[in-house]
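Beneath this line is the structure, given in C-alpha cells, with notes to follow.
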Protein chains: 2
Amino acid sequence: MSALSGGSGSRRPVTLDDVARQAGVSQPTASRVLNGSSRKVAEAYRERVLQAARELGYTPNLPAQAMARGTSRTIALVISLISDPYFAAMAAEIMKQAEAIGLHVSIAVTERQADRELDLVRELRGQQPRAIILAGTGYVDPPSEQQLIDELRRYEETGGRVVLISRSDLPFETVDFDNHEGSRQLARELAALGYERCLILGSGTPLLSMQRRVEGFVAGLVESGVNGARVHHPEFSWTGARDFVLALTDADVRDLQLVFAVTDDLALGALAGLRERGLRIPEDIGVAGFDDITTLRDVVPQLTTVHVALNAVAQEAIYRATTSDSEPTRTTVPAYPVLRASTPPLQASCVIE
Amino acid sequence: MSALSGGSGSRRPVTLDDVARQAGVSQPTASRVLNGSSRKVAEAYRERVLQAARELGYTPNLPAQAMARGTSRTIALVISLISDPYFAAMAAEIMKQAEAIGLHVSIAVTERQADRELDLVRELRGQQPRAIILAGTGYVDPPSEQQLIDELRRYEETGGRVVLISRSDLPFETVDFDNHEGSRQLARELAALGYERCLILGSGTPLLSMQRRVEGFVAGLVESGVNGARVHHPEFSWTGARDFVLALTDADVRDLQLVFAVTDDLALGALAGLRERGLRIPEDIGVAGFDDITTLRDVVPQLTTVHVALNAVAQEAIYRATTSDSEPTRTTVPAYPVLRASTPPLQASCVIE
DNA sequence: TTGTACGCGTTATCAA
DNA sequence: TTGATAACGCGTACAA
C-alpha cells in the first residue's frame with residue numbers, strides 16, 4: 001500500500017475545479033454542464049466536462065451547493081418513533097414520495113417527548129432543509145407550544161416550508177386524516193352488528209388525534225342509540241393496554257362485549273391481556289383498533305380496525321412541502337372502518353339487553 | 001400583515017455575523033463562543049454573545065459548518081426497506097445510538113435494488129457525511145460490486161468511514177451477527193425435540209446472510225443425524241412464502257414436520273399459507289423463523305425464532321463509524337435460538353420413523 | 001457561449 | 001485573548 005493511497009483522510013475530494021481543469025474549461029462552465037439548468041454549453045465542451053467528471057468520479061458537494069444556492073434538497077422529518085410499525089410505514093411512504101422528486105430525507109425522532117421536539121426543530125433549521133415535516137405528535141396541552149410556533153415561524157420566514165401530519169393544533173400547513181369520522185363510522189358499524197357494552201381505551205398521554213378517535217367512537221355509539229360506553233386512558237403502549245386489561249375486575253370484563261382501542265398497538269396489547277385472562281376472542285369479547293398496520297395480517301383473529309391511506313397522506317404532505325401557498329391549508333384524508341373477524345355479528349341472544 | 005414579516009422567504013436567516021454585530025464582537029469570537037471548542041473567550045464577551053444569539057434565535061448553518069470544517073455531523077444510513085419491521089428496528093437502534101453522540105442520521109432506501117445502492121452511495125458521498133452505513137443487503141453475486149467498492153474506497157480516502165451491517169462480502173469494516181451459528185443451534189434444538197422432516201425456505205433473491213442461515217440450519221440438522229432436509233427458495237417476501245406453501249402438493253405437506261424460514265417475515269407468510277390449507281400450527285406442523293421481530297409477540301402461536309441483539313449491532317456499528325481504525329475489522333454479534341409454542345416437542349410416536 | 005470575480009456562512013491561520 | 005483575512009466548493013451576475 002503506497003503512502004499516497006493508504007489510510008483514511010489522505011486524499012482531498014474531487015471538486016468541480018478539478019473537473020474543469022481536467023476538461024480544460026473554466027469552473028463555471030463545468031458547473032453549467034453538471035449542475036446548472038440553463039444548459040447553453042457547446043457540445044464539445046459538454047462532452048469533455050462529462051467525461052472528466054466520470055473519470056474523476058466527481059460528486060457535487062451538497063453542503064457547498066446548499067450554501068451557494070441558499071437552499072438544500074433535504075426534507076427534515078420529525079417523527080415520534082421509528083420502530084413503531086405505524087410510523088415506520090408513514091416514514092417509508094414519505095421517503096418514497098420525496099425520493100421520487102429527488103429529495104433526501106433526514107429523520108429525527110422525538111421518542112414522544114414534547115420538549116425534544118422543540119430542540120429538534122431548532123437543530124433541523126440549521127440544516128437548511130427545504131421543508132420540515134412534523135409527523136404524529138401533537139399534545140393536547142403542550143408545555144412549550146408557543147416556542148415551537150415561534151421556531152417554526154422563523155424557519156418559514158427564511159423560506160422553509162412547514163407541514164404537520166396528524167396534528168391540527170398548530171397554525172401551519174396540515175395534513176390529517178379524519179380521526180373522528182373514521183372511528184364514528186366504525187362505532188356505527190359495530191353497533192349495527194349488535195355491540196353495545198363497550199370499553200374504549202384512549203391514550204394516557206394527552207394526544208389530540210387520540211382524543212378525536214375516542215370522541216368519534218362515542219359519537220357513533222350515541223347516534224346508534226348506545227350510551228354509557230366506558231372510557232379509560234391507560235399508558236399509551238402495548239404494555240399499557242395489556243396491563244390495564246389485566247387489572248380489570250372479573251365483573252367488569254364479564255359485562256363487556258367489545259374493546260375499542262385508539263390504535264392497533266393498544267388493541268393488540270388489550271387482546272393479549274384478555275387472552276391471558278382466559279377469554280376467547282372474538283367468542284367472548286370483540287376487539288377493534290385503529291390504523292390498520294400491516295402487522296395485523298399475521299394476527300388471529302384478523303383485527304377489525306380503521307384504515308388510513310398513508311400513501312395519500314404522504315403524497316399530500318410532500319406536495320404541500322414543495323409547493324408555496326400563501327395561506328396554510330388543511331387537508332383531510334379519509335379513514336374508513338375495515339371489519340374483520342375480531343368483531344363478528346353478535347348472536348341475537350346477546351343483542352337483547 | 002406587514003410587508004416585512006409576511007409571506008415566505010422574506011427574511012434572511014440569522015447568521016453568526018448578525019450575532020457578532022449585536023454583541024459588539026468580531027465574528028470569529030462569536031464563533032468561538034457558540035460553536036468552537038477552545039473556549040478561551042473573556043467571560044464578559046461570552047455572556048454578550050450568548051445573549052445576542054438567544055435574542056436573535058441563532059442556529060448555526062450546518063452546510064456552512066460542514067464546508068468550513070470539511071466534515072459534517074451526519075451519518076448516512078442505507079437500508080433495504082424501512083417499512084419492514086426488522087429494518088425499522090435496526091434503523092431505530094442506529095438512530096438512537098447516533099443521536100446519543102450528537103450525530104444526525106440521513107436515511108436512504110434501496111428497496112432491494114442492487115443498482116440503486118450504487119447510485120445512493122454516490123449521492124450520499126456528496127452529503128459529506130461522517131460515515132456511510134450500509135445495512136442489510138449484500139447479494140451473493142452482485143452485478144456492480146467492483147463499482148460499489150471503488151465508490152466506497154473513494155469516499156474512505158477523503159476521510160469518511162464505511163461500515164457494513166449484516167453483509168460480509170465487501171472489504172470494509174463489518175458488523176454482522178452469527179447467521180450460521182444461530183440457525184445451526186436452532187436446528188440442533190429442534191432436532192432434539194424430535195423434528196426430522198424439515199422444509200427450509202431460503203431467499204429467492206440471492207442474499208449472503210440468508211444463504212448462511214440455510215447452511216447453518218442444514219449443518220445443525222446433519223450434526224443431529226437428520227439428513228435430507230428439503231431446501232427451496234421462494235420469492236423473498238411474506239407473499240412469496242405463502243404462495244410457495246400453497247403450491248405444495250398435499251403429499252409433500254403431509255410428510256412435513258417443520259417449516260424453517262430464513263426470516264420471520266417468510267415464516268409468517270408460510271404459516272398463513274399452511275393455515276389456508278387447513279393445517280393446524282403447531283399440532284400438524286411446526287414453524288420457525290429468524291430475526292425475532294417485535295411483531296411476533298402478537299402472533300399465535302408464539303413463533304420459535306433466532307434472536308439477534310440489534311442494539312448491540314447498532315452500538316458496534318456507530319462505534320466503528322466514529323472510530324478510525326487502521327485495518328477493517330469484523331465484529332460478530334451472537335444470535336441464539338428462542339424456542340416458543342410454534343415448535344413444541346414432538347410426541348414420541350412421531351419421532352419414530 | 002465562455003470566463004472573471006464575487007458572495008454564501010463558517011472555521012482556521014495568523015498577527016496584533 | 002481578540003480580530004483581520006483567507007480558505008472551503010459552488011452558483012451567478014457581469015463582462016468579454
Requested in this report: Using the Karplus curve 6.51 cos²θ - 1.76 cosθ + 1.60 with θ = phi - 60°, work out ³J(HN,Hα) for each residue of region B:280-285 in order, rounded to whole Hz, and write x for Gly and Pro.
Outcome: 9, 10, x, 4, 8, 7
Requested in this report: Would you mind checking the tilt of helix A:179-192 against the longest principal axis of the Cα atoms of chain A, expressed as 0 to 90 degrees and rounded to 10?
Outcome: 30 degrees
Query raised in the report: Counting other Cβ atoms within 10 Å, which trypsin sites (Lys or Arg not before Pro) in region B:229-287 have at most 12 and lie in a DSSP loop?
Result: B:ARG280
Query raised in the report: Once amide H atoms are built 1.01 Å from N in the peptide plane, which residues 5 or more positions from B:VAL306, or in another chain, come under 5 Å H to H?
Result: B:GLY289, B:PHE290, B:ASP291, B:ASP292, B:VAL338
Report summary line: Pseudo-spin-label distance B:ILE101 to A:ARG230, built 7 Å along Cα→Cβ, given in nm, is 5.0 nm
Requested in this report: Determine the shape class of the protein assembly as shown: with a ≥ b ≥ c the square roots of the Cα gyration tensor eigenvalues, call it rounded for a/c under 1.5, and otherwise prolate if a/b is greater than b/c, oblate otherwise.
Outcome: oblate
Query raised in the report: Any idea what angle helix A:208-223 forms with the longest principal axis of chain A, computed on alpha-carbon atoms, 0 to 90 degrees, nearest 10?
Result: 40 degrees
Requested in this report: Enter the Cα centre distance for the pair region A:97-176 and region B:19-49, rounded to the nearest angstrom.
Outcome: 29 Å
Report summary line: From the Cα centre of region A:295-320 to that of region B:193-253, the distance in Å is 32 Å
Query raised in the report: In whole Hz, what ³J(HN,Hα) sequence does region A:290-300 give by Karplus (6.51, -1.76, 1.60; θ = phi - 60°), x for Gly and Pro?
Result: 7, 2, 6, 5, 4, 2, 4, 4, 9, 9, 10
Query raised in the report: Given +1 on the Cβ of Lys and Arg, -1 on the Cβ of Asp and Glu, and no further charges, what dipole in debye does the protein assembly as shown carry about its Cα centre, rounded to the nearest 20?
Result: 2480 debye
Query - Between helix A:114-126 and chain A: long-axis angle, C-alpha atoms, 0 to 90°, nearest 10 - result: 20 degrees
Query raised in the report: With the other protein chains left in place, how much accessible area per residue, in square angstrom, belongs to region B:20-84 at a 1.4 angstrom probe?
Result: 54 Å²
Report summary line: So, relative contact order of chain A in percent, Cα under 8 Å, 6 or more apart, is 15 percent
Report task. Select from region B:246-344 those GluC sites (Glu not before Pro) which occupy a DSSP coil region and have at most 13 other Cβ atoms within 10 Å, ordered by residue number. Result -> B:GLU283
Query raised in the report: Considering chain B as a Gaussian network with a 10 Å cut-off on Cα pairs, which listed residue, B:PRO28, B:PRO60, B:PRO142, attains the greatest mean-square fluctuation?
Result: B:PRO28
Requested in this report: For region B:156-172, just list the computed ³J(HN,Hα) in residue order, Karplus coefficients 6.51, -1.76 and 1.60, θ = phi - 60°, integers in Hz, with x standing in for Gly and Pro.
Outcome: 4, 5, 8, x, x, 9, 10, 10, 9, 10, 6, 7, 9, 8, 10, x, 9
Query raised in the report: Counting only residues 5 or more places away or on other chains, whose amide H sits under 5 Å from the amide H of A:ALA335 once H atoms are built in the peptide plane?
Result: A:ASP178, A:GLY182
**Report entry** Under 5 Å, built H, 5+ apart or other chain: amide partners of B:VAL259
**Finding:** B:LEU199, B:GLY286, B:VAL287, B:ALA288
Requested in this report: Among B:PRO234, B:PRO13, B:PRO282, determine the one that fluctuates most according to a GNM of chain B built with springs between C-alpha atoms less than 10 Å apart.
Outcome: B:PRO13
**Report entry** Dipole in debye (nearest 20) - chain B, about Cα centre, beta carbon charges: Lys, Arg +1; Asp, Glu -1
**Finding:** 1720 debye
Query raised in the report: According to a simple spin-label model (label point 7 Å from Cα along Cα-to-Cβ), what is the distance in nm between A:GLN302 and B:GLU276?
Result: 1.1 nm
Query raised in the report: Based on the Cβ-Cβ distance from B:SER324 to A:THR329, what FRET efficiency comes out when R0 is 30 Å, to the nearest 0.05?
Result: 0.05
Requested in this report: Sort the following peptides by mean Cβ neighbour count (other Cβ atoms within 10 Å, averaged over residues), highest first: B:297-307, A:317-327.
Outcome: B:297-307, A:317-327
Query raised in the report: Total Å² of accessible surface buried at the B-A contact, 1.4 Å probe, nearest 100?
Result: 4600 Å²
Query raised in the report: With the Cα gyration tensor of region A:55-146 giving a ≥ b ≥ c as the square roots of its eigenvalues, does the rule (a/c under 1.5 for rounded; else a/b larger than b/c for prolate; else oblate) give rounded, prolate or oblate?
Result: oblate
Requested in this report: Give the distance, in whole Å, between the Cα centre of region B:260-280 and the Cα centre of region B:60-91.
Outcome: 36 Å
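The values are calculated or read from the model by the stated rules, or taken from the named source; none is laboratory data. Owing to the predicted nature of the structure, the values given are computational and were not obtained by experimental measurement. Cβ: placed from backbone, ideal geometry, glycine included. Neighbour counts: every protein chain shown. Just so you know, the surface numbers come from the protein's heavy atoms only, side chains and all, with ligands and any DNA or RNA stripped out. Shrake-Rupley method; radii C 1.70, N 1.55, O 1.52, S 1.80 Å.
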